[in-house]
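Below is one structure, written out as structure tokens; comments come after it.
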Amino acid sequence: MNGLLILFFLSIFNSQFSISQTMVYLERADNLSFDEERIANAQILKGDVVFRHDEALMYCDSAYFYEGTNSLDAFGHIRFVQGDTLKGFGEKLFYDGNTKLARMRRNVILIHGREEENPTVLTTDSLNYDRHAGIAYYYSGGEIRDSLNTLTSVLGNYRPKTKQATFSHEVILTNPKFTLTGDTLLYNTDTKVADIVSPTTIVYEEETTILSSRGWYNTANEQSMLLDRSVVEHSDGKSMTGDTIYYDKAIGFGQVLGHMAMNDTAQHATLYGEYGEMWEEGSRGFATDSALMVDWSDSLHYAYIHADTLFTEEVFYPDSLIAADSTITDSTYRRVRAYHGVRVYRDDMQMVCDSMVYLGSDSTIYLFTDPICWSENQQISADSMRVYIINGTVDHAVGIKNALCVMNDTLEIYNQMSGKEITAYLIDGEVKTVDVSGNALTVYYPEEEGGGYIGVNNTESSYIRVYVENQEIQRIRFTKETTGALYPLDQIPEGAERLALFFWEEESRPVNKDDVFRKVPKKARYTEQGTKTK
């Protein structure tokens, strides 16, 4: 019974298989002959030979036609035509009508599309075309050329129905604007989109280099989506790296998501964040979500700047403005803007404020809304501040309005100065001189020569200068109009040990480069009128 069932199913299968097969027909030939001793079971055809199989026509100079096996071997001026959009040319053709496999050899050209529509052209020395699967493939080197790009590889295949091609081993895509190289690439000749599936390099000569191992690149409009830590590098030293990059080369715009890093070797700065954007025009970029800028222009004093949002850009000075202002030495400079929750760490100075601007034209940092700067044991604060950088090192800092300078000698002793404006001058990262002008007030604890404190000195003047050595006040120079009093330590009146503006906020100070991300609650401050800020 089982044997009968097997025979029954085999008969059905063979019947269906034979129905799916169609015969190869000889349409014409100038000469037909047989030579069973030399070529058994073959019709020998010569002169203007034409075969037909389904909708495909095959032309040649001569052929061996094996009618019994539904196959043929064709030679000389091979022309294979399927419908009105697919043509193949070569010197040899081996065709099996049962499997619908055409094997073309020597100087093979496959053309897909109408001539007036810029067809896709595949050239190789050996090509197999599987008509049943609708796929043409080569395995010893080939080239596919469409209206925009030329692609070469060792192995490759092309599907006329979907216009999708796959390339592997030594892949090169040549475009009038760039060259793409990789090990494996998927490409659609209709959409002109290249799917990146292996480590791939795209080079715009002397301009831009793209490195990616996964994503896609639209070669027609130069838009791309790059995944898996891709990199876009520019010849001027700028680059961006990220988990995901959307990049539009035509307009010079990049959008980065996940572990972003924008590097500028010319300006010696790197911008980090979980999200960012970059515009090549004006070298503009911004970062947010764990945003961080690292300025490494001075190898001894790296600056780590964190804020909710960071912006960087190049600002252009017209030549007319340069000629009118002798202080401007370059036609472009870098500007950095930081907004909300600004925290800065340098080993020679630390800063916090609500917003900040850095101008490369004069290497000045502008701090706004409750700024504080620390250097060694000194704390300087004001309504706004300016920090001047010379040769990569902090030269001096200026506090304007409600300005306060506090020097912590011990846990309980604080030397204090306040005024409308305070300027602190630094050498090698240490405060050496402090100038206070405009209602200059001091609370100063002078020391005895043998050690210990004499008392507390309260003064009021229009201007004072404080000299500092080894983080300690050495002397103070007052104007003639100075008034004040010295109180012994055991006779200090209530409130005489603190200025109205006094506060010490060591807990807000960034202590290292990672500490810039620490969230610190904002505290209220007193102004010179004795009221608290919000």
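The values are calculated or read from the model by the stated rules, or taken from the named source; none is laboratory data. If you're wondering where the values come from, they're calculated on a predicted model, not measured in any experiment. FYI the Cβ positions are ideal-geometry reconstructions off the backbone, even for glycines, and counts take in every protein chain you see.
Is it the case that H132 is loosely packed, with under 15 Cβ neighbours inside 10 Å, assigned to a strand (DSSP E or B) and without any contact (Cβ under 8 Å) to a residue 40 or more places away in the chain? Full working, then the answer.
On the way: loosely packed, with under 15 Cβ neighbours inside 10 Å: yes; assigned to a strand (DSSP E or B): no; without any contact (Cβ under 8 Å) to a residue 40 or more places away in the chain: yes.
For H132, the condition - loosely packed, with under 15 Cβ neighbours inside 10 Å, assigned to a strand (DSSP E or B) and without any contact (Cβ under 8 Å) to a residue 40 or more places away in the chain - is not met.
Residues to consider are I390, I400; find the one that is at pLDDT below 90, touching a Ser or Thr at 6+ places or on another chain (Cβ under 8 Å), more than 25 Å from V511 (Cβ to Cβ) and aliphatic (A, V, I, L, M).
Numbers: I400 fails: at pLDDT below 90.
Just one listed residue meets the conditions, I390.
Quick one: count up the residues across region 349-377 that are more than 29 Å from the chain's Cα centre (by Cα), assigned to a loop (DSSP other than H, G, I, E, B) and either over 14 Å from E505 (Cβ atoms) or among the hydrophobic types (A, V, I, L, M, F, W, C) (or both).
So the answer is 3.
Could you figure out which of (1) in the same structural domain as N439 (by TED's automatic domain parsing); (2) in a loop (DSSP other than H, G, I, E, B) isn't true of P510?
So P510 meets the others, but not (1).
Restricting to region 254-267, what's the tally of residues that are in contact (Cβ under 8 Å) with a residue 24 or more places away in the chain and surrounded by 17 or more Cβ atoms within 10 Å (Cβ to Cβ)? Before the answer, list the steps.
Kept after step one, since they are in contact (Cβ under 8 Å) with a residue 24 or more places away in the chain, are these residues of region 254-267: 254, 259-260, 262-267.
Pick out the ones that are also surrounded by 17 or more Cβ atoms within 10 Å (Cβ to Cβ) and you get 254, 260, 262-264, 267.
Counting residues in region 254-267 that are in contact (Cβ under 8 Å) with a residue 24 or more places away in the chain and surrounded by 17 or more Cβ atoms within 10 Å (Cβ to Cβ) gives 6.
Between M351, M417, M385, M407, which is closer than 25 Å to K523 by Cα, in contact (Cβ under 8 Å) with a residue 24 or more places away in the chain, assigned by TED's automatic domain parsing to the domain that holds W296 and not hydroxyl-bearing (S, T, Y)?
After applying the criteria, what remains is M351.
Taking region 256-303 on its own, how many of its residues are in contact with a strand residue (DSSP E or B) (Cβ under 6 Å, 6 or more places away or on another chain), hydrophobic (A, V, I, L, M, F, W, C) and farther than 16 Å from G341 by Cβ?
Final tally of qualifying residues: 11.
Mind telling me which of the residues D236, D248, D243 ends up being under 11 Å from the mean Cα position of the chain (by Cα) and closer than 28 Å to V336 by Cα?
Details: D236 fails: under 11 Å from the mean Cα position of the chain (by Cα); D248 fails: under 11 Å from the mean Cα position of the chain (by Cα).
Unique residue meeting the criteria: D243.
Does region 438-454 hold any residues that are assigned to a strand (DSSP E or B) and surrounded by fewer than 17 Cβ atoms within 10 Å (Cβ to Cβ), and which are they? Walk me through it before giving the result.
Taking region 438-454 as the starting set, the residues that turn out to be assigned to a strand (DSSP E or B) are 438-444, 447, 453.
Within region 438-454, G438, N439, E447, Y453 qualify.
Out of everything in region 51-74 that is crowded, with 17+ Cβ neighbours inside 10 Å and of a type in the set (A, V, I, L, M, F, W, C), what residue ends up being nearest to M104 (Cα to Cα)? Steps first, answer last, please.
Residues of region 51-74 crowded, with 17+ Cβ neighbours inside 10 Å: 51, 53, 56, 58-60, 62-66, 70-74.
Within this subset, residues satisfying the condition of being of a type in the set (A, V, I, L, M, F, W, C) are 51, 56, 58, 60, 63, 65, 72, 74.
Numbers: F51: 15, A56: 14, M58: 11, C60: 12, A63: 13, F65: 16, L72: 12, A74: 9 Å.
Selected residue: A74.
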